[in-house]
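Peer 1: The structure that follows is given in the form of structure tokens.
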Amino acid sequence: MSLQSSTASLENKIKELESQLSRSSALETSLEESRAKSSELSLHLTKSQEYVLKLEAQNHELKQTMQATLNRLHNFSEDENLVDRRLVNQLLITYIEGKRDKREVLELMSKILQFSEEDQSRLGIGKKSLLGSISSFLSTKPSTDPGDQLAKELGHHNLADMWVDFLVNETEMKSRVE
């Protein structure tokens, strides 16, 4: 019995070792799969981090651009001395084509461009033109100079009101012509 019991005992140990070997092989396969997944996840993580860094750089660039744009907008809104070029173009064309009274167009341009009184008088459109000054000097009645009357009227309006009035008058004149 000793040989039989030793053989049985050895066979049991062999079966046990085969079972452990099988489990060990399964664990080894599982470990290899885990390593492969870990490597894949590591690669994915690296790519994701690179993408995040790229997005952060783009975000920073967009923030700088937005800040620069906001600064330009802020500076633009603070600068009251800017005049829309299209407005000046339209006024100049109207003046040259003679569609309106040239004096009226010059007066509007002088208000928009904030001419000094000296510049206005050089153009003959000051608050008191030379003709208006002479007539008021020679007569005791109030001046009838259109420049004086217009200056009084313009003194009570802001630029936006004057521009709207000008456009309305232009539209009315065009509709009368047609």
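Peer 1: When you scan region 81-96, how many residues do you find that are charged (D, E, K, R) and either modelled with pLDDT under 85 or farther than 19 Å from ASP165 by Cβ (or both)?
Peer 2: 2
Peer 1: So, in region 93-112, of the ones that are in contact (Cβ under 8 Å) with a residue 12 or more places away in the chain and aliphatic (A, V, I, L, M), which residue ends up nearest to GLY124 (Cα to Cα)?
Peer 2: Restricting to residues being in contact (Cβ under 8 Å) with a residue 12 or more places away in the chain and aliphatic (A, V, I, L, M), the top hit is LEU106.
The values are calculated or read from the model by the stated rules, or taken from the named source; none is laboratory data. These numbers were taken from a predicted model, which means no experiment stands behind them. Backbone-built Cβ (ideal geometry, glycine too); neighbour counts: all protein chains shown.
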